[in-house]
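Shown next, in structure tokens, is the structure this report addresses.
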Amino acid sequence: MEQIVELVWSLLNDALFSAIPAVGFAMVFNVPKRFLSYCALAGAIGHSSRTLLLHVGLPIEWATFAAAAFVGLITIGFAKRHLAPPLMYAVAAIIPMIPGTYAFNTVIALVQLTAQSEISPELTSQVISNGLKTVFILGALSVGLAMPSLIYFRSRPVI
């Protein structure tokens, strides 16, 4: 029981601190003031769902894909309700899931690798693993966010 309470507190903490950058980037993208709370809600739900999936044991790439698809579904609902484009909510909502740490570690290892006179296998491994993880997470974000819209706004049947 204590682990469940701890997980819920962790998810609420994660939701709060991922809603803040979602609102910040929504303001940068000139989202109207009345829609900022929906951007915050979508960002909080998306990042918290990714955290929950990571806690369950899913790899970060698949957890990001599922969370981005969930954000895509949520923002389609917001868009229908407010007659606004779904991307107005979605782009700001997925910003907290951008893999900044992996990209930073890739660039730092790359700079260290170029500063050395000989090639280090450890740094090369860091560059490759962090770089691939960054690329796959960004791909999961883009495909996961686009997929619900592609299916929902389809003019022909899927089958």
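The values are calculated or read from the model by the stated rules, or taken from the named source; none is laboratory data. Quick caveat: nothing in here was measured; it's all calculated off a predicted structure. Every residue, glycine among them, receives a Cβ derived from its backbone with ideal geometry; neighbour counts consider all protein chains shown. Each accessible area value is taken on the protein alone, full model and side chains, heavy atoms only, with ligands, DNA and RNA left out. Shrake-Rupley method; radii C 1.70, N 1.55, O 1.52, S 1.80 Å.
So that you can scan it fast, the table gives a plain yes or no per residue for (1) under 16 Å from the mean Cα position of the chain (by Cα); (2) modelled with pLDDT of 95 or more; (3) open to solvent by 20 Å² or more (accessible area, probe 1.4 Å):
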| residue | (1), (2), (3) |
| --- | --- |
| 78 | no, no, yes |
| 90 | yes, no, no |
| 104 | no, yes, yes |
| 110 | no, no, yes |
Here is a list of conditions, (1) more than 30 Å from residue 73 (Cα to Cα); (2) open to solvent by less than 40 Å² (accessible area, probe 1.4 Å); (3) at pLDDT below 90; (4) not hydrophobic (A, V, I, L, M, F, W, C), and residue 116 meets all of them except one; can you say which number that is?
(2)
Between residues in segment 96-108 that are over 21 Å from residue 14 (Cβ atoms) and residues that are open to solvent by less than 60 Å² (accessible area, probe 1.4 Å) and not in a helix (DSSP H, G or I), which pairs lie under 6 Å by C-beta distance while being six or more apart or on different chains?
none
Filter segment 130-159 down to the residues that are of a type outside the set (A, V, I, L, M) and either crowded, with 19+ Cβ neighbours inside 10 Å or under 30 Å from residue 110 (Cβ atoms) (or both) and list them by number.
130, 131, 133, 134, 136, 139, 142, 144, 148
Quick check on residue 61: is it out of contact with any Pro (no Cβ under 7 Å at 6 or more places or on another chain), surrounded by fewer than 16 Cβ atoms within 10 Å (Cβ to Cβ) and among the acidic types (Asp, Glu)?
no
Considering every residue within segment 117-140, establish whether at least one is among the small types (Gly, Ala, Ser) and under 27 Å from residue 31 (Cα atoms).
yes
The residue that is nearest to residue 140 (Cα to Cα), considering only those in segment 24-49 that are among the hydrophobic types (A, V, I, L, M, F, W, C) and open to solvent by 40 Å² or more (accessible area, probe 1.4 Å), is 45
